[in-house]
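Just below is one structure, and these are the notes that go with it.
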Amino acid sequence: MLTKFETKSNRVKGLSFHSKRPWILASLHSGVIQLWDYRMGTLIDRFDEHDGPVRGVHFHKSQPLFVSGGDDYKIKVWNYKLHRCLFTLLGHLDYIRTVQFHHENPWIVSASDDQTIRIWNWQSRTCISVLTGHNHYVMCASFHPKEDLVVSASLDQTVRVWDIGALKKKTVSPADDILRLGQMNTDFFGGVDAVVKYVLEGHDRGVNWASFHPTLPLIVSGADDRQVKIWRMNDTKAWEVDTLRGHTNNVSCVLFHARQDIIVSNSEDKSIRVWDATKRTGLQAFRREHDRLWILSAHPEMNLLAAGHDNGMIVFKLERERPAFSVSGDSVFYVKDRFLRVYEYSIQKDTQLIPIRRPGSNSLNQGPRTLSYSPTENAVLVCSDMDGGSYELHILPKDSYGRGDTVQEAKRGSGGSALFVARNRFAVLESSNQVSVKNLKNEIVKKSILPLAVDAIFYAGTGNLLCRAEDRVVLFDLQQKIVHGDLQTSFVRYVVWSQDMESVALLSKHSIVIADKKLAHCCTLRETIRVKSGAWDDNGVFIYTTLTHIKYCLPNGDSGIIKTLDVPMYITKIFGSTIFCLDRDGKIRPIIVNSTEYVFKLSLLRKRYDKVMSMIRNSELCGQAMIAYLQQKGFPQVALYFVKDERTRFNLALESGNIEKALESAKKIDEKDHWYRLGVEALRQGNAGIVEYAYQRTKNFERLSFHYLITGNLDKLSKMVKIAEVKNDVMGQFHDSLYIGDVGERVKILENAGHLPLAYLTASVHGLHDTAERLAAELGENVPSLPKGRRASLLIPPSPVLCAGDWPLLMISKGIFEGGLDETVKDAHEDYQEAADADWGEALDIGEVENLQNGDISMVLEEENAEEENEEGGWDLEDLDLPPETPKTAATARSSVLIPPTPGMPVSQIWVQKSSLAAEHAAAGNFDTAMRLLSRQLGIRNFSPLKSLFQDIHMGSHTYLRAFSSAPVISVAVERGWSESASPNVRGPPALVFNFSQLEKKLKAGYKATTAGKFSEALGHFLAILHTIPLIVVETRREVDEVKELIIIVKEYVLGLQMELKRRELKDNPVRQQELAAYFTHCILQTPHLRLALLNAMTVCYKAQNLSTAATFARRLLETNPTAENQEKLARQILHVAEKNMKDAIDLNYDFRNPFVVCGATYVPIYRGQRDVTCPYCSSHFVPSQQGQLCTVCNLAEVGSDASGLLCSPTQIR
Amino acid sequence: MAAGGPDPLFGLRNSFYLGAYQAAINNSDIPNLSADDAVERDSIVYRSYIALGSYQLVINEIDSSAATPLQAVKLLALYLSNPANKEMTISSLQEWLGDPAIGNNPILRLIAGIIFMHEQDYNEALKHTNAGGTMDLHALNVQIFLKMHRSDYAEKQLRIMQQIDEDHTLTQLANAWLNLAVGGSKIQEAYLIFQDFSEKYQMTSLILNGKAVCCMHMGTFDEAESLLLEALNKDAKDPETLANLVVCSLHLGKPSSRYLSQLTLSHPDHILVKRAKTAEESFDRAVQTNA
């Protein structure tokens, strides 16, 4: 039993789940009805109008209503939205036991101790039927969920099924209903609209409860005889099917589970029992210490049950609904029903893999709880609570998942939890302080004692375990047996590692702790609702689900809601903005969310301002929450860009010190207060212009004057005098003139203001004698006396250092937001600048190293003296080094038992033995035999061009493995054609550094160089091909033919190019030039090249006035349908000219009508029928005099020597 | 080793085995070591220095009063630092091995094994190492047998190691060596072992090289190249990285001469350099015989 919620209260007699909201009603013995939110665990409302115990309560399916019935004989219908009772139905004459709404009609059925059942219409608020027949208290009555039936249970020891079909017919139209009002009484005792269909007798004592099966024609009842009985009915009769015995006291309530094939009952014996409805056996009993149980209720849609007892109620679930799953790379493995399935995210494909053991039906909640998957071994560990904790190890079939008749038997074992700790090792929690590590054969490899008592273990990277104890988790290293980290947390239920294994999220019931890989605490999140699951996204944001929401958690602990959920979901993996969830039915559901908010916050957090900017520009990120967030996090300048409201904008601008923006806003708002604040900020920043402007706008003349004084703006100051005069502001005028130092003005002001003595004093002190005298005359007697002995001087304000303008500000680069957002110009290059610099530095270093080496290499080479090192020389190793006969004395003790094995055969030697391919001999380092083979097969005599090839192929045949420190490295032979299924210890042929595809690439390069007219370069390519081919090995016959073809192709090019190069050397021999050009056209070339050769020959001949020959080339050129227009045009022109004058100026040794080949050495035509000799390798033709010479085309073989032919594939030998 | 409390030298040893020599040296300051552990610690540190090529430092720091294992380590440093004088080193090694009081010291025997391996006198090496006793010795045995191309014997040694501690780093490493040597499907297992290491511990050029070698044997030279370049980033002078880069570049048809000259310059004794030299000579010789 999984308790989800519990309350403490007076005895609970009635319970009802709300069908949509997480609410439950509990009616108490004290007369109160409570409305609880069982998810949040809060009391939403209480309804206290009944007098005495309330035994029955029921929510309406769709309306905001519920009904209750109590010992005050009253049925009350309530509206929970209005928090009040709507009306009361009176009629019962004794306690009311149960009340229930009909699922579609506006009816309520009630059962009462007055031995009747009544059906009420809550719309007309009348009783529409009274069902009589029981002759004792009716303990319960309920409608059938679909049919027109009512079942009731009574202390008269019977269960009755009532047919209310007639009642239904009568109320087809509402008019009828009203009509019926009058008739009701006449029907009162006739009871024609509700008749007893069956009376079920069988219980020996009073029956407390009876209820219908939701879909089948079954009834279950519980009675004071401590028995639960199952009844079946058909159209005509009903009979007892079976009795479930086990309760030790009165059975108070019993019902069928809606989703599983079980019956749940509770009793005054303080237990809840679960029964298998098919096998009719007890599955489980949950006992409570002190509380007798009174009522059961099932949620109409979800897998929830509630039970009321003496001291409150509990909301519970019988079985866990979280599907066991394990994410690995691109797929998630999970259990649905009795099968292990896999879902591949990238292709969104769901596959059923293997059946897994059906949970033993003798108890509940034994299904798979966790999964652990090892991708390399394709093995799955399924853990369940079966037999007090056990696991099954399944090795998945490799390729065909399909119908598994050959599914391997799973290996089983017991243990608290089991999980893979390495690809072929898993750890099993044997007891609270011992873990054993097992291999895939389910054999214990080792045991480890844990440092503390642990109740579960979780994955924590290869070789590590996360151990959960009561109030903490520790990171335990299985190999070293030490604790790497320790973290105090509340009881951890699930552990989710980030992909890089750098961070871990520990999920508890109501909190999430994020820690790093050493379990150092990063942040803690608290939730009021249960946390269900979570996963890390690619950016390091933790996305999790609660019962009701998908939420995110940033690395700094900030969290927020992404999406609301209707039903609980278990996140498995996150790809970008798609969250893959498993629901409770084991279905994978991709949920696409808007990740903007958290990505934005993350970017801010990581200071990725460029990203922040692009997000601001591109997306709609608005709302007070975001602004508040930005402000709170110290980014008012960013928030500025989200705000439309000018006042907020103004405040943000001030906060971020962006005076221009503030000014903009202030202009739009144009309120005194805002101007004032702008002025204050501008003053703080020393922005005189704006200060002035702000003062002007606020008409704060005194400040303005002082501002002008400070900034030394005397012109404006004198204007201020005038303004003050106009405004009749004497004091201001006086101040201003004081600031300017205008004595005359001051005197005038004082005089005008009637302060004649002061005016006089001012005038006389400053030496304005005329005025002083005039004033003295006016004052007459009252001329004040001037202080003696003092010298007066005019007080002139010092001129400011800087006149007017703003204060100089330090040049600071504008924030990325200001610059970037306003002008949409990014200047994010600064960061990269540095990086680039760093690279330069490194590049320089490399250069130095290189220089150094180039200098030194020759030295090293010189130092090398020819030392014989025959480590790999295959033949030589055969003479064994026999161990010295005299072992050292001290070592005898050890060596006496030791018979040192004779050294085995190096792989290279095996290669040689098996092979008659020259390349493989060369790879093995047996150059001698390799050469002999080549000489025999291809008549090769000149090996010097092959030197580097031999060396490369030899060097590429072994890799080097540093094994034990300071000991000599192991060289390992690289074999060709590796495949996963190759059996070990069977040596394959050596991997060769040259392969056919490389040659093809080279051929293309050669073609390209030819087209471009880079003949020596092209010749180099073709010769390289020709030189490499003897060391090529291919796998198939077809490829052998291709290689042979390649030789011919390349040979032709080599010959042609050699002739062409020769021709270019012979500048002063036009005859020979023409001949060579002509022969060139008879090499087998690619069409474009042939065209070029023809064009070339044509031009040469034409220039030499050999028009007839030129014409033949022109004709041949036209026959190739040249694509280039100018070629065609030229050919036609020449043809045209030649036709007029068909003759040759010079005779050439060239008869195009007579087929010929060109001698590779002397470049003369060898016409058909003439004797020639060939190169055994490249098959170039030569005049007989060349017999025994080195082939000038391939530069390898001896012309005319015997050879067995190219051997380049093992297939040729077999 | 299988029982007992946490091993204070675990991390140090692991770093050493996996080629994180500098890390081993840096993290050698472990408090509360027993005398034996301290000597072992020092020997690992000095061997790390040797692996890094700082022979002289080792020779200078270990004085004549140091414990036998350290003296043995010093011998190794002497041997490797001064090839001209190796006869003397070997003779003193033989002398010590003959001394019944210290001749049985596992580290001395280990060093003897290493030195005789360098001498390519595998029988002599085995005489001292074959009896085993420590994981190091067993691992060295595996390597000696592999050098002798006797993977069957190597496998037997590996079985012994697996019985002692299957998850020991050296057991895993030795398993990988053997897998590589026997080839075929085992290469993938070797790759997985190196893969495990790379997930579990910090990447070292040894692990990267191991992975790269596996890749080359499996024919994925592109992946091998990227691994090796990563290794080269970590340590531009690592001889195996350079040697394997030469091989890998050859197979990819890329120029390899730079790596080869770098290797020749920094490690003229490396087996690849020797091979290249030998190849050149034997080519010339073969040309003459075939002329």
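Scanning the range B:125-147 for residues that are more than 8 Å from chain A (Cβ to nearest Cβ), polar (S, T, N, Q) and either open to solvent by less than 10 Å² (accessible area, probe 1.4 Å) or in contact with a strand residue (DSSP E or B) (Cβ under 6 Å, 6 or more places away or on another chain) (or both) gives B:129, B:141. Exactly one residue out of B:190, B:181 is assigned to a helix (DSSP H, G or I), facing chain A (nearest Cβ under 9 Å) and either buried (at least 24 other Cβ atoms within 10 Å of the Cβ) or in contact (Cβ under 8 Å) with a residue 12 or more places away in the chain (or both): that is B:181.
On inspection, residue A:454 qualifies as open to solvent by less than 20 Å² (accessible area, probe 1.4 Å), touching a strand residue (DSSP E or B) at 6+ places or on another chain (Cβ under 6 Å), under 23 Å from residue A:391 (Cα atoms) and not in a strand (DSSP E or B).
Answer with yes or no whether residue A:963 is aliphatic (A, V, I, L, M), facing another protein chain (nearest Cβ under 7 Å) and either over 15 Å from residue B:244 (Cα atoms) or touching a residue at least 24 places away in the same chain (Cβ under 8 Å) (or both). Before you say what the answer is, go through the steps one by one.
Values: aliphatic (A, V, I, L, M): yes; facing another protein chain (nearest Cβ under 7 Å): yes; either over 15 Å from residue B:244 (Cα atoms) or touching a residue at least 24 places away in the same chain (Cβ under 8 Å) (or both): no.
In short, no.
Among the residues of the range A:902-916, those identified as within 15 Å of residue B:183 (Cα to Cα) and more than 8 Å from chain B (Cβ to nearest Cβ) are A:908, A:910, A:911. Of A:974, A:993, all but one fail to be touching a residue at least 40 places away in the same chain (Cβ under 8 Å), buried (at least 22 other Cβ atoms within 10 Å of the Cβ) and facing chain B (nearest Cβ under 7 Å); the exception is A:993. Check the range B:26-42 and report whether any residue there is at negative phi, assigned to a helix (DSSP H, G or I) and either facing chain A (nearest Cβ under 10 Å) or under 17 Å from the mean Cα position of the chain (by Cα) (or both). No, the range B:26-42 has no match at all.
Of all the criteria given as (1) in a strand (DSSP E or B); (2) surrounded by fewer than 16 Cβ atoms within 10 Å (Cβ to Cβ); (3) hydrophobic (A, V, I, L, M, F, W, C), the one not satisfied by residue A:1146 is (1). Only residues that are among the charged types (D, E, K, R) and at pLDDT below 90 were counted in the range B:219-258, giving 7. Give the range B:259-285 a look and list any residue that's more than 7 Å from chain A (Cβ to nearest Cβ) and of a type in the set (Lys, Arg), or say none. Answer for the range B:259-285, where residues must be more than 7 Å from chain A (Cβ to nearest Cβ) and of a type in the set (Lys, Arg): just B:285.
Look at residue A:782 and say whether it is buried (at least 18 other Cβ atoms within 10 Å of the Cβ) and at pLDDT below 80. Answer is no for this residue. When the residues of the range A:1067-1078 are filtered to those that are farther than 17 Å from residue A:1019 by Cα and either of a type outside the set (Lys, Arg) or in contact (Cβ under 8 Å) with a residue 24 or more places away in the chain (or both), the one that is surrounded by the fewest Cβ atoms within 10 Å (Cβ to Cβ) is A:1068. The helices (runs of 4 or more DSSP H) found wholly in the range A:654-764 and carrying at least 2 residues that are open to solvent by 60 Å² or more (accessible area, probe 1.4 Å), basic (Lys, Arg) and on the phi < 0 side of the Ramachandran plot occupy A:659-669, A:672-685, A:714-726. Within the range A:1116-1143, the residues that satisfy the criterion of being surrounded by fewer than 16 Cβ atoms within 10 Å (Cβ to Cβ) and of a type in the set (D, E, K, R) are A:1119, A:1125, A:1129, A:1132, A:1139, A:1140, A:1143. Keeping to the range A:1-51, report how many residues are in a strand (DSSP E or B), within 43 Å of the chain's Cα centre (by Cα) and hydroxyl-bearing (Ser, Thr, Tyr). Here the count works out to 4.
Checked against (1) without any contact (Cβ under 8 Å) to a residue 60 or more places away in the chain; (2) open to solvent by 50 Å² or more (accessible area, probe 1.4 Å), residue B:249 passes all but a single condition, namely (2). Picking from residues in the range B:219-248 that are within 9 Å of chain A (Cβ to nearest Cβ) and among the acidic types (Asp, Glu), the one that is nearest to residue A:968 (Cα to Cα) is B:240.
Would you be able to say whether some residue in the range B:200-208 is among the aromatic types (Phe, Trp, Tyr), surrounded by 22 or more Cβ atoms within 10 Å (Cβ to Cβ) and under 20 Å from the mean Cα position of the chain (by Cα)?
We begin by selecting, within the range B:200-208, every residue among the aromatic types (Phe, Trp, Tyr); these are B:201.
Now restrict to residues that are surrounded by 22 or more Cβ atoms within 10 Å (Cβ to Cβ): none.
Scanning the range B:200-208, I find no residue that is among the aromatic types (Phe, Trp, Tyr), surrounded by 22 or more Cβ atoms within 10 Å (Cβ to Cβ) and under 20 Å from the mean Cα position of the chain (by Cα), so the answer is no.
Only one of the listed residues (A:126, A:88, A:42) is β-branched (Val, Ile, Thr), surrounded by fewer than 19 Cβ atoms within 10 Å (Cβ to Cβ) and within 30 Å of residue A:530 (Cβ to Cβ). That residue is A:42.
Within the set A:119, A:108, A:24, the sole residue that is touching a residue at least 12 places away in the same chain (Cβ under 8 Å) and touching a helix residue (DSSP H, G or I) at 6+ places or on another chain (Cβ under 7 Å) turns out to be A:119.
Consider only pairs whose beta carbons are under 6 Å apart and that are at least six residues apart or on different chains; among these, list those whose first residue lies in the range A:1118-1136 and is closer than 15 Å to residue A:1088 by Cβ and whose second residue is assigned to a loop (DSSP other than H, G, I, E, B). Close Cβ pairs (under 6 Å, with a partner that is assigned to a loop (DSSP other than H, G, I, E, B)) amount to A:1128/A:1122. Contact map, the range B:84-104: first residue more than 7 Å from chain A (Cβ to nearest Cβ) and acidic (Asp, Glu), second residue surrounded by fewer than 11 Cβ atoms within 10 Å (Cβ to Cβ) and assigned to a helix (DSSP H, G or I), Cβ cut-off under 8 Å, separation 6 or more or different chains; the map is empty. Out of all the residues in the range B:224-240, which are open to solvent by 20 Å² or more (accessible area, probe 1.4 Å) and in contact with a His (Cβ under 6 Å, 6 or more places away or on another chain)? Across the range B:224-240, there are no qualifying residues. The criterion of being among the charged types (D, E, K, R) and within 12 Å of chain A (Cβ to nearest Cβ) holds for residue B:109.
Scan the range A:938-955 and tell me whether some residue there is in contact (Cβ under 8 Å) with a residue 12 or more places away in the chain, part of a strand (DSSP E or B), at the interface with chain B (Cβ under 7 Å from one of its Cβ atoms) and out of contact with any strand residue (DSSP E or B) (no Cβ under 6 Å at 6 or more places or on another chain). So far as the range A:938-955 goes, no, none of its residues is in contact (Cβ under 8 Å) with a residue 12 or more places away in the chain, part of a strand (DSSP E or B), at the interface with chain B (Cβ under 7 Å from one of its Cβ atoms) and out of contact with any strand residue (DSSP E or B) (no Cβ under 6 Å at 6 or more places or on another chain). Taking the range B:46-70 as the range and being away from chain A (no Cβ under 12 Å), assigned to a helix (DSSP H, G or I) and open to solvent by less than 30 Å² (accessible area, probe 1.4 Å) as the test, the residues that pass are B:59, B:69, B:70. Here residue B:167 meets the list (1) facing chain A (nearest Cβ under 9 Å); (2) surrounded by fewer than 24 Cβ atoms within 10 Å (Cβ to Cβ); (3) at pLDDT 85 or above almost entirely, failing just condition (3).
The values are calculated or read from the model by the stated rules, or taken from the named source; none is laboratory data. Fair warning: this is a prediction, and the values are worked out from it, not measured in the lab. No Cβ is skipped: glycine too gets one built from the backbone with ideal geometry, and neighbour counts run over all protein chains shown. Ligands, DNA and RNA are stripped out before the accessible areas are found, and what is left, the full protein with its side chains, is counted by its heavy atoms. Shrake-Rupley method; radii C 1.70, N 1.55, O 1.52, S 1.80 Å.
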